[in-house]
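Peer 1: Following this message is one structure expressed as structure tokens.
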Amino acid sequence: VGGGPSRRPWLNASLPVGVRVARLLSAMTVEEKIAQLGYNIRPCATMDVAKDYANGVGGCAVSSIADTIKMRKDLQKLTRLGIPPSIHGETTHSGGAANTTVFPMPCLQGATFNTTLVEEIAASNALQLRAAGGDMGLSPILQVCTDPRFGRLEENFAEDPYLVGAYGVAAVRGLQGRG
């Protein structure tokens, strides 16, 4: 499989993005398009590209930089289209990968009434996720806590809509930067 821009014209960086996207979409089978919608919640290290992902995969969970690099290279080399996966990490309270700093959950961050601290935690989480090869953080959760029967209250900042909004802005600024 594999190949450069001559076998995969959507990789030709000299073409406009719209042309490259159109060429890629026209080359994709229905099965390959469906595979791109899939997201494996298992870490990249557990995936066998040749066996399980011949049509590709939209993404997987971050595990380590070495596993992420291997997964991206394998998908680009062993699949017909060579589309790398998006690598996600749970960034509500950590970088989402092994050996990252684990901070208090958002409900405890919210109890500080300190948006600067929430922004700094999110910035640290983003940095650690990127260091492990991740490109998508799964946070912040902007659910307003109104019913204790909701099973994931620890992922929520507060029960006050104003505070949830303020913490949400701080978390996004931390994750994405202010630029």
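Peer 1: Hey, what angle do you get for helix 115-131 against the long axis of the chain, alpha-carbon based, 0 to 90 degrees rounded to 10?
Peer 2: 20
Peer 1: At 0.36 nm per residue, and after removing the present C-alpha to C-alpha distance, how many nm does the segment from residue 65 to residue 17 gain when stretched out fully?
Peer 2: Between residue 65 and residue 17, full extension yields an extra 14.5 nm.
Peer 1: Report, in degrees rounded to the nearest 10, the 0 to 90 angle that the Cα long axis of helix 17-27 makes with the longest principal axis of the chain.
Peer 2: 60
Peer 1: Per-residue ellipticity at 222 nm for the chain, helices alone: DSSP H runs ≥ 4 residues times -39500 (n - 2.57), over residue total, nearest 500 deg cm²/dmol?
Peer 2: One gets -12500 deg cm²/dmol as the mean residue ellipticity at 222 nm.
Peer 1: At what distance in nm do the modelled label points of residue 154 and residue 131 sit from each other, each positioned 7 Å from its Cα along Cα→Cβ?
Peer 2: It is 2.3 nm.
Peer 1: Follow-up question, since we're still on this one. Accessible area of the chain with a 1.4 Å probe: how many percent of it is carbon plus sulfur?
Peer 2: 60
Peer 1: At 1.4 Å probe radius, can you tell me the per residue accessible area of the range 87-179 in Å²?
Peer 2: Heavy-atom SASA per residue in the range 87-179 reads 54 Å².
Peer 1: If you take the charge dipole of the chain about its Cα centre, with +1 on Lys and Arg Cβ and -1 on Asp and Glu Cβ, which of 36, 100, 144 is farthest toward its positive end?
Peer 2: Going by the Cα projections, it comes out as 36.
Peer 1: Counting only DSSP beta bridges with both residues in the chain, tell me the antiparallel percent, nearest 5.
Peer 2: Antiparallel: roughly 10 percent of the beta bridges in the chain.
Peer 1: R0 = 25 Å: FRET efficiency of residue 169 with residue 108, Cβ-based, nearest 0.05?
Peer 2: 0.85
Peer 1: Something else about it: By how many nm would the segment from residue 42 to residue 73 lengthen if fully extended, with 0.36 nm per residue of separation less the alpha-carbon distance?
Peer 2: 9.4 nm
The values are calculated or read from the model by the stated rules, or taken from the named source; none is laboratory data. Being a predicted model, the structure only gives us computed values, none of them experimental. No Cβ is skipped: glycine too gets one built from the backbone with ideal geometry, and neighbour counts run over all protein chains shown. Ligands, DNA and RNA are stripped out before the accessible areas are found, and what is left, the full protein with its side chains, is counted by its heavy atoms. Shrake-Rupley method; radii C 1.70, N 1.55, O 1.52, S 1.80 Å.
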